[in-house]
There are 2 protein chains.
Amino acid sequence: MKFTVKREKLQKALQRLGSIIGSRSMFPVLSNVKIEAKENSLILSTTDLEIRLSTTLEATVESPGVSTAPANKLASLVGCFVGENVIFEINEKDHINLICGTSNFKLLGLPAEDFPKEEKFEVKGEIKIKESEFKKMVGSIAYAVSADDSRKALTGILFSVKEGCLTLVATDGKRLAMQEKAIESISGGDQDVIIPLKAAKEVRRLLDGDGDLTIQLGDKQCTFIGKNFELTTKLIDGNYPNYRQVVPASFSSTVDISKSLFLNKIETVSLILSDSSSYIILHFEDNQLKLQASSVEVGEGSDMVDIAYNGELFEVSFNPVFLADPLRNCESESIRMKFNDPLNPVAIEGDEGFLYVIMPIRKK
Amino acid sequence: MKFTVKREKLQKALQRLGSIIGSRSMFPVLSNVKIEAKENSLILSTTDLEIRLSTTLEATVESPGVSTAPANKLASLVGCFVGENVIFEINEKDHINLICGTSNFKLLGLPAEDFPKEEKFEVKGEIKIKESEFKKMVGSIAYAVSADDSRKALTGILFSVKEGCLTLVATDGKRLAMQEKAIESISGGDQDVIIPLKAAKEVRRLLDGDGDLTIQLGDKQCTFIGKNFELTTKLIDGNYPNYRQVVPASFSSTVDISKSLFLNKIETVSLILSDSSSYIILHFEDNQLKLQASSVEVGEGSDMVDIAYNGELFEVSFNPVFLADPLRNCESESIRMKFNDPLNPVAIEGDEGFLYVIMPIRKK
């Protein structure tokens with residue numbers, strides 16, 4: 001097996017694969033990258049058993065073949081090399097000879113047979129979406145995914161396909177974030193799947209242009225095909241809670257607030273908090289929103305934002321992190337807050353189908 | 001006590017002081033910044049009991065006074081504020097009222113009497129040096145300071161003043177780095193002091209221009225006075241080893257090597273190393289320096305650098321970290337390696353008075 005590949009392109013490809021590498025001492029091959037040389041291309045793959053990531057690049061293949069090499073070591077070496085091309089020569093013992101400029105290395109690989117096989121699955125539905133739009137959608141909700149493994153379904157993002165619309169939902173039981181979007185190209189009908197957070201974040205990291213992203217949905221797996229990669233992940237098995245019923249049917253008040261100003265004030269006022277107190281109070285008053293917080297150890301503070309409001313005086317308390325999260329991650333210039341009373345869910349709406357629901361803190 | 005200060009200047013001043021803050025739960029006041037308002041200026045000071053750092057800034061003082069405020073909280077708040085000026089009003093209970101734009105805060109301070117007093121000391125000698133030159137000198141040797149507390153003297157940098165020359169020395173017993181410089185303005189005669197590494201690094205961080213740095217040396221303390229700060233540190237008590245005798249009197253061979261190329265090759269070849277092997281071998285051959293390394297787990301590698309050398313074939317082994325450290329931190333384009341045989345100290349010389357001595361690794 002022998003081939004030549006452009007150093008810079010190989011470096012970028014190995015960087016792309018770098019985060020899906022298993023560190024499981026039980027399966028040493030999981031820390032390796034599978035190298036497949038055929039005709040004029042090189043297919044590189046890594047996997048952590050949950051996610052499989054592949055990328056293809058041009059190569060001059062003298063004799064085809066397949067093997068695996070330690071992924072991190074190979075990436076570091078190729079990053080240090082200074083020549084234009086890297087020549088690979090791999091023997092039947094999976095000894096990998098690398099030559100680049102004056103550098104001459106031998107890495108000990110492992111047989112390709114040890115590397116987990118790619119599992120094919122039946123595609124039940126397919127979505128096409130602009131890479132940049134998908135990136136924005138995931139970013140606007142991912143922070144609300146639960147970190148608590150005891151409810152497995154909540155550790156992923158719900159991808160709900162319904163009537164030509166894709167809705168992404170994340171919740172940890174205390175707040176819920178959803179992002180809805182009409183999609184031009186959907187096939188296969190309505191379907192709900194739960195994507196592990198790691199896979200969604202990984203796809204987001206890999207997107208870097210404005211090409212099309214194709215999402216193929218199966219019963220137990222799902223594949224994302226972008227310009228430079230193909231990522232297949234296992235789905236999370238479980239029932240996602242009925243998120244629609246979390247959103248109140250109606251609200252008595254609606255206020256528009258400048259997002260960046262509101263966020264700055266939440267962050268400023270929260271600085272006064274200490275471990276013993278962790279809520280800030282919002283006072284909706286005559287055309288101003290006053291933010292207030294205090295703690296026994298540090299002191300107290302207040303700040304305000306001009307708003308258009310002339311309803312009843314209204315006071316409501318929130319965990320400042322939960323209140324700031326959607327503002328930090330949505331791209332709207334202005335958000336709309338909707339509420340009924342201080343004890344029931346409050347909604348935050350952004351542009352383009354973004355909705356966040358948060359429970360106020362009840363003070364004793 | 002009441003004064004007004006420009007928000008941006010206050011923010012920079014608090015950032016400057018931020019790294020010298022004690023986190024000792026026994027003395028809560030150590031996590032506070034001392035605030036002294038008099039005439040048209042504000043003096044801010046922090047200390048961790050070893051190092052005391054002060055900075056002065058302009059202020060409009062309505063009524064003078066002195067107090068202390070929680071340093072990190074104050075810095076975060078001032079960083080979040082958006083107004084141009086910050087108004088401080090501090091009462092006799094050390095309650096600090098802060099107003100900036102629409103923000104209104106009260107912080108709980110502590111009495112200034114609790115804050116450690118500044119200790120004056122007798123100045124035995126004074127050095128003036130350009131800030132940028134001092135920064136370079138410390139940077140070129142600081143990595144060689146020992147992290148082992150059992151020989152206290154080696155955990156600091158030796159400042160040796162002799163015959164109009166300042167020499168900085170650092171060693172951990174396995175390698176030694178020294179940087180010598182003729183200084184125009186020295187008073188007080190020959191003197192050796194050991195500066196704690198933290199203080200030297202802190203001074204380096206604070207330097208940001210090309211003004212003059214004044215160093216005042218005492219028996220147990222030393223003060224660095226820069227454009228924007230004054231830092232006083234306790235000295236390390238102890239005998240520094242006689243570093244001059246570590247440097248061999250003569251060498252049989254001398255080779256000039258391009259620094260960046262050599263460093264790249266050391267880094268590349270070292271990638272093949274694993275925990276079980278940690279040396280690289282240099283082969284000085286006919287007009288080329290070959291670098292080589294291997295490990296049972298990963299494989300083997302070699303690379304080379306062109307040099308002007310026609311002496312005997314010579315092979316010597318080093319810890320690659322110790323060999324790369326001086327190259328990473330000195331500013332010379334080319335370094336000069338000097339050696340006698342593979343068992344005795346090897347010297348690396350850079351531009352402008354830089355000298356590094358390293359012991360080769362003896363292989364069994």
Matching residues in segment A:87-101 (open to solvent by less than 20 Å² (accessible area, probe 1.4 Å) and among the β-branched types (Val, Ile, Thr)) number 2
Considering segment A:262-286, residues that are facing chain B (nearest Cβ under 9 Å) and within 15 Å of residue B:82 (Cβ to Cβ), and then whichever is surrounded by the fewest Cβ atoms within 10 Å (Cβ to Cβ), we arrive at A:267
Sole miss for residue B:79 among (1) surrounded by fewer than 16 Cβ atoms within 10 Å (Cβ to Cβ); (2) more than 12 Å from chain A (Cβ to nearest Cβ) is condition (2)
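Okay, residues lined up against (1) over 23 Å from residue B:119 (Cβ atoms); (2) outside the structural domain of residue B:233 (by TED's automatic domain parsing); (3) touching an Asp or Glu at 6+ places or on another chain (Cβ under 7 Å):
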site	(1), (2), (3)
B:14	yes, yes, no
B:17	no, yes, no
B:20	no, yes, yes
B:27	no, yes, no
B:46	no, yes, no
B:59	yes, yes, no
B:74	yes, yes, no
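Out of curiosity, is residue B:72 touching a Leu at 6+ places or on another chain (Cβ under 8 Å), closer than 24 Å to residue B:103 by Cα, of a type outside the set (A, V, I, L, M) and within 14 Å of chain A (Cβ to nearest Cβ)?
Details: touching a Leu at 6+ places or on another chain (Cβ under 8 Å): no; closer than 24 Å to residue B:103 by Cα: yes; of a type outside the set (A, V, I, L, M): yes; within 14 Å of chain A (Cβ to nearest Cβ): yes.
Taking the combined requirement at face value, the residue does not satisfy it.
I'd like the full set of residues that are over 18 Å from residue B:82 (Cα atoms) and surrounded by 16 or more Cβ atoms within 10 Å (Cβ to Cβ), limited to segment B:10-25.
Of everything in segment B:10-25, those that are over 18 Å from residue B:82 (Cα atoms) and surrounded by 16 or more Cβ atoms within 10 Å (Cβ to Cβ) turn out to be B:16, B:17, B:20, B:21, B:22.
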> Do we have any residue at all in segment A:238-257 that's within 30 Å of residue A:13 (Cα to Cα) and either under 19 Å from the mean Cα position of the chain (by Cα) or assigned to a strand (DSSP E or B) (or both)?
Replying inline: no
Over segment B:296-320, the set of residues surrounded by fewer than 14 Cβ atoms within 10 Å (Cβ to Cβ) and away from chain A (no Cβ under 13 Å) is B:308, B:310, B:311, B:312, B:313
Wholly inside segment B:280-358, strands (runs of 3 or more DSSP E) that include 3 or more residues that are hydrophobic (A, V, I, L, M, F, W, C) and in contact with a Ser or Thr (Cβ under 9 Å, 6 or more places away or on another chain) are B:280-285, B:334-339
Among (1) within 24 Å of residue B:108 (Cα to Cα); (2) in a loop (DSSP other than H, G, I, E, B); (3) in contact (Cβ under 8 Å) with a residue 60 or more places away in the chain; (4) not polar (S, T, N, Q), residue A:272 falls short only on (3)
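Matching residues to (1) under 30 Å from residue B:357 (Cβ atoms); (2) away from chain A (no Cβ under 14 Å); (3) modelled with pLDDT of 95 or more; (4) open to solvent by less than 60 Å² (accessible area, probe 1.4 Å):
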| residue | (1), (2), (3), (4) |
| --- | --- |
| B:104 | no, no, yes, no |
| B:112 | no, yes, yes, yes |
| B:150 | yes, yes, no, no |
| B:165 | yes, yes, no, yes |
| B:196 | yes, yes, yes, yes |
| B:199 | yes, yes, yes, yes |
Counting only residues in segment B:213-253 that are at pLDDT 95 or above and among the β-branched types (Val, Ile, Thr), the one nearest to residue B:169 (Cα to Cα) is identified as B:236
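Yes or no: residue B:285 of a type in the set (D, E, K, R), outside the structural domain of residue B:180 (by TED's automatic domain parsing) and farther than 26 Å from residue B:171 by Cα?
So residue B:285 fits the description; yes.
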Going by the conditions given, is residue B:7 within 24 Å of residue B:199 (Cα to Cα), at pLDDT 95 or above, of a type in the set (Lys, Arg) and open to solvent by less than 40 Å² (accessible area, probe 1.4 Å)?
no
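Scan the strands (runs of 3 or more DSSP E) fully inside segment B:38-139 and keep the ones with 3 or more residues being within 26 Å of the chain's Cα centre (by Cα) and among the polar types (S, T, N, Q). Talk me through it step by step, then tell me what you get.
Values: elements: B:41-47, B:51-58, B:60-63, B:65-70, B:85-90, B:95-100, B:103-108, B:125-130.
Counting at least 3 such residues, we get B:41-47, B:51-58.
The values are calculated or read from the model by the stated rules, or taken from the named source; none is laboratory data. Please read all numbers here as calculations on a predicted model, not as lab measurements. Methodologically, a virtual Cβ is constructed for each residue, glycine included, from the backbone with ideal geometry; neighbour enumeration extends over all protein chains shown. When the accessible area is computed, the model is the full protein with side chains, heavy atoms only, and any ligands, DNA or RNA have been set aside. Shrake-Rupley method; radii C 1.70, N 1.55, O 1.52, S 1.80 Å.
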